[in-house]
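I have placed the structure first, in the form of structure tokens, so that the comments after it can refer back to it.
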Amino acid sequence: MNHDTYDDNYIRGILNGVKTIAMVGASPVNVRPSYFAFKYLAQRGYDMIPVNPGQVGKSLVGKPFVASLRDIGRPIDMVDIFRNSSVALSLVEEALTLDPLPKVIWMQLGVRNDEAAAKAEAAGLKVVMNRCPKIEYGRLSSEISWMGVNSRTLSSKRAPIPTQGMRLSLNRVSFGGGDTSAADRAAQGKKDPT
Amino acid sequence: MTERLPGFATLAIHAGAQPDPTTGARNTPIYQTTSFVFNDADHAASLFGLQAFGNIYTRIGNPTTAVLEERVAALEGGTAALAVASGHAAQVTALQQLLRPGDEFIAARKLYGGSINQFTHAFKSFGWNVVWADPDDISTFESAVTPRTKAIFIESIANPSGSVTDIEAISAVARKAGVPLIVDNTLASPYLIRPIDHGADIVLHSMTKFLGGHGNSIGGIIVDAGTFDWSRDNKYPVLSEPRPEYHGIKLQETFGNFAFAIACRVLGLRDLGAAISPFNSFLILTGIETLPLRMQKHCENAKAVAEWLSAHPAVASVNYAGLAGNRYNNLARKYAPKGAGALFTFTLKGGYDAGVNLVSNLRLFSHLANIGDTRSLVIHPASTTHSQLDDAQKIQAGAGPDLVRLSIGLEDKEDIIADLDQALRQ
Ligand SMILES: Cc1ncc(COP(=O)(O)O)c(C=O)c1O
């Protein structure tokens, strides 16, 4: 599978299909991108679980931190990796020991590890790399358009009234394939993206 | 299954717009309000902290304007856009994110006269030093690069000369220097040229011209191509370093490939304050719906008028890149195959006086300092838009004393030609 660009239908299918998301590397610091994404996805109705061994005992927007994927103790649909690309492989290996297996491995904007992706795909998981689920959700629902961002989608249906906690419709016509290459180039040599 | 992607004309009508959530209004409403209520304290804090997408205050963003922003971003093939009060506001807002006092930027000598003034005087007073280069000689861009260079600025089709710029060649210089290429695409509009396809990192417009298209609203826009890595070598701390006014957020890290547009909004527009009115956004949006049709007709009329003038005995030269044999015709064929735009200049054998006479004898053409209207427009740059420049600068900017600039409108081309004919006879 090509991981430079993704068809909107692929991303839409994932975001519509998953319910429980474990975010590895979630930060309790409220100016970090992982905090933004965690809070946003929780408000959109996903069942979010923060994973960070350094934060056990604390919670993130009301959800208690766990130390590792294995400590979650219930099925998860998606692992969102907010860590350095170099540790993505060991995180995928850990995810592949879970029973039942998660359905999706998502690596955050700036995170890409093709070996880890191949391993997850060989086990039947879907993989997204170098994307932010908050941005993709906002884009496909056109909520991100409020910031002048090009959602690369169209719709002639009445827009939903935005309220806190609602699930926005992701079902819009696409007009641009993937992303530009800038995020990929920016990803080279990036440190921990939390 | 890969979806079919909508074409340019479809995007010009639909991109960014959606029936209103509460009323079902199909056309984009004018959200003529200064401010937007928060759901609760947490929502307010999330918006101010850039954690959530949403509306706060029309200086920073507005739903009518957001539709315009997304539409232009879509037409240009960018990741995001920010609309502002004027083309000049777009220039200062964009450059403010890139330059610190003592920094330099390289600009093509052939630019709108107002931009030459802005760069030479206002920007100098900010400590932003413009270094001029000749768009007809790419080596002058290369030799202008120094360690303090932060950006390169060109016009895709230059005002007033109508000359076409070799965007790809200058983009290669920018790449090598590790700085973004900024292209003012006002004269071409994305219908004729999409600079991002040729290596631009930031595209600017005076929407006052062809995007609005009807001579009724001043506006400007900044389009982020999403192509530039702002964090590579710490040259652009506004984007790569923690922002103290937002509790230490790093913009590129948080917003990825639309971080520049966000910086222009949450720092530039917030602090410089040149917000566009929602009413102007609405009028410009309406104009954009017919952009493809208008540009086709502008180009068709301009070519017919340029051909007619070329054969006229009182005319010394016609400088329209759409004419075979013009110095810029090859570049026009490469970059603007659908047409070389509505704007061109010509010189009269009778010199300065003949130019002044022509302008006063025209009846259909309006003598004014704008371009890109449905109406045909005429100006004598040497005595108006470029009058603050000295003679050498005037000639370098393509605005010599014997030169007349036309912006060809959408009237019947026979009527446009008849007006020029009667004025040249007098
Ligand atoms: C090429 C170009 N850029 C910028 C501007 C400035 O735009 P505004 O008048 O909207 O500030 C103009 C205006 O004539 C222009 O022609």
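The values are calculated or read from the model by the stated rules, or taken from the named source; none is laboratory data. Just so it is clear, the structure is predicted and the values come from calculations on it, not from any experiment. Backbone-built Cβ (ideal geometry, glycine too); neighbour counts: all protein chains shown. Side chains included, ligands, DNA and RNA excluded: accessible areas come from the protein's heavy atoms. Shrake-Rupley method; radii C 1.70, N 1.55, O 1.52, S 1.80 Å.
Couple of notes before you dig in:
- For B:ARG333, net neighbour charge (Lys/Arg +1, Asp/Glu -1) across residues whose Cβ lies under 15 Å away: +2
- Approximate shape of the protein assembly as shown as ellipsoid semi-axes (Cα gyration tensor, √5λ), whole Å, largest first: 49, 24, 21
- Comparing the full protein assembly with the isolated chain (1.4 Å probe, heavy atoms, ligands and nucleic acids excluded), the residues of segment A:136-159 losing at least 50 square angstrom of accessible area are A:TRP146, A:MET147, A:GLY148, A:VAL149, A:ASN150, A:LEU154, A:ARG158, A:ALA159.
- Counting Lys and Arg as +1 and Asp and Glu as -1 over every other residue whose Cβ lies under 11 Å from the Cβ of A:PRO64, the net charge comes to +1.
- Among the lysines of segment B:8-287, pairs that are 8 or more positions apart or on different chains and have alpha carbons within less than 29 Å of each other number 17.
- Positions from segment B:232-266 whose accessible area shrinks by 50 Å² or more when the full protein complex is built, not the chain alone, probe 1.4 Å: B:GLU253, B:THR254, B:ASN257, B:PHE258
- Accessible surface, 1.4 Å probe, highest first, among residues B:HIS205, B:HIS198, B:HIS247, B:HIS214: B:HIS247, B:HIS214, B:HIS198, B:HIS205
- The residues B:ASP20, B:ASP136, sorted by heavy-atom accessible surface at 1.4 Å with ligands and nucleic acids left out, run B:ASP136, B:ASP20 from largest to smallest.
- Counted charge near B:THR146, where neighbours are those whose Cβ lies closer than 12 Å (Asp, Glu -1; Lys, Arg +1): -1
- Carbon + sulfur, % of accessible area of segment B:321-426 - ligands and nucleic acids excluded, 1.4 Å: 48
- Relative contact order [Cα under 8 Å, 6+ residues apart], segment A:8-136, whole percent: 22
- Protein accessible area in segment B:8-287, 1.4 Å probe - carbon and sulfur %: 56
- Across all directions, the shadow cast by the convex hull of segment B:91-180 built on its C-alpha atoms averages 5.1 square nanometres.
- In a reduced charge model with +1 at each Lys and Arg Cβ and -1 at each Asp and Glu Cβ, segment B:13-162 shows a dipole moment near 300 debye about its Cα centre.
- Residues of type lysines that A:LYS58 reaches as a straight line, Cα spacing below 21 Å, ignoring anything fewer than 8 places off in the same chain: A:LYS39
- Surface share of carbon and sulfur [accessible, 1.4 angstrom probe, percent] for chain A: 52
- Signed unit charges on C-beta, dipole axis of the protein assembly as shown, positive-most listed residue B:LEU403, B:PHE105, A:THR153: A:THR153
- The protein assembly as shown - accessible surface per residue (Å², probe 1.4 Å): 36
- If you count Lys pairs in segment B:291-425 whose Cα atoms are under 15 Å apart, skipping same-chain pairs closer than 8 places in sequence, the total is 4.
- When the other protein chains are added to the chain by itself, burial of at least 50 square angstrom of heavy-atom accessible area (probe 1.4 Å, ligands and nucleic acids ignored) affects these residues of segment B:55-96: B:GLU70.
- Cleavage-rule hits (trypsin sites (Lys or Arg not before Pro)) in segment B:316-416: DSSP loop, at most 10 neighbouring Cβ within 10 angstrom: B:ARG363
- Annotation for the B:A interface, with buried accessible surface near 4300 Å², both sides summed [1.4 Å probe; non-protein components not counted].
- Rg to Rh quotient for segment B:8-287, alpha carbon positions, Kirkwood Rh: 0.96
- Mean ellipticity per residue at 222 nm, deg cm²/dmol - from DSSP H runs of n ≥ 4 across chain B, formula -39500 (n - 2.57): -9500 deg cm²/dmol
- When only the Cβ of Lys, Arg, Asp and Glu is charged (+1, +1, -1, -1), the dipole of the protein assembly as shown relative to its Cα centre reaches about 920 debye.
- Taking Cα centre as origin and charging only the Cβ of basic (Lys, Arg, +1) and acidic (Asp, Glu, -1) residues, the dipole magnitude of chain B rounds to 180 debye.
- Angle in degrees between helix B:63-76 and the longest Cα principal axis of chain B, rounded to the nearest 10: 60
- Using alpha-carbon coordinates, inclination of helix B:291-310 to the longest axis of chain B, degrees: 20
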